[in-house]
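Below is one structure; the comments refer to it alone.
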Amino acid sequence: MTSARVYLPLELAALTRLARGETLDPPVIVWTVTPGLRGALPGADLDELEYAALVAAAAAAGVARGTRPVRRVVAAADVPVAALGGPAPGGGTADPAAVSLRAALQLRQIVSFQVDEHPGGVDDVDLMWWDATELTQVIALAR
């Protein structure tokens, strides 16, 4: 089975569900390397394309904030390519990397988290890497 690396913004409620062993059920909007992203960044290698998808997911995480500054959390996960749909329906985004995930996402599919170093971060420079096994610490940061 062929898999794809996807990036998805997660809020505290979703992180808590994952910690309880629950899944994130579709539809879920994720960011990944798509033909549209490749076309938008001609000449970019796979690492550059994946980084662009991560940055776009982090930007989307910042959009959903309320009035209190919070840390953006983005999960990197490996999912079956067959579980990816077309452009994200109703996602409110014209981002060429945004697609819909048509299958439930489980914690075991997540390989890492990117979390803002400080609440209210807006730049990709502020993102810190956390291993998927550090979900408890990520939840504490997201509170």
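Tell me which residues, restricted to region 68-84, are surrounded by fewer than 19 Cβ atoms within 10 Å (Cβ to Cβ), of a type outside the set (G, A, S) and not in a strand (DSSP E or B). Matches in region 68-84: R68, P69, V81. Inside region 1-34, residues that are farther than 15 Å from Q106 by Cβ, exposed (fewer than 14 other Cβ atoms within 10 Å of the Cβ) and touching a residue at least 40 places away in the same chain (Cβ under 8 Å) make up a count of 2. For region 1-30, name all the residues that are within 18 Å of D131 (Cα to Cα), at pLDDT 95 or above, charged (D, E, K, R) and assigned to a loop (DSSP other than H, G, I, E, B). Matches in region 1-30: R20 only. Each residue in region 99-132 was checked for being in contact with a Leu (Cβ under 8 Å, 6 or more places away or on another chain), assigned to a loop (DSSP other than H, G, I, E, B) and either on the phi > 0 side of the Ramachandran plot or among the aliphatic types (A, V, I, L, M) (or both), and 1 of them qualify. Scanning region 94-143 for residues that are surrounded by 12 or more Cβ atoms within 10 Å (Cβ to Cβ) and touching a Ser or Thr at 6+ places or on another chain (Cβ under 7 Å) gives P96, A97, V99, A104, L105, Q106, W130, D131, A132, I139. For first residues located in region 36-61 and touching a residue at least 60 places away in the same chain (Cβ under 8 Å), partners that are buried (at least 18 other Cβ atoms within 10 Å of the Cβ) and not aliphatic (A, V, I, L, M) and lie 6+ apart or on another chain with Cβ distances below 6 Å form the pairs G36/P96; L37/P96; L54/Y7; A58/R72. Of all residues in region 100-124, which are modelled with pLDDT under 95 and out of contact with any strand residue (DSSP E or B) (no Cβ under 8 Å at 6 or more places or on another chain)? Result: H118, P119, G120, V122, D123, D124.
The values are calculated or read from the model by the stated rules, or taken from the named source; none is laboratory data. All values reported here derive from a predicted model rather than from experimental measurement. No Cβ is skipped: glycine too gets one built from the backbone with ideal geometry, and neighbour counts run over all protein chains shown.
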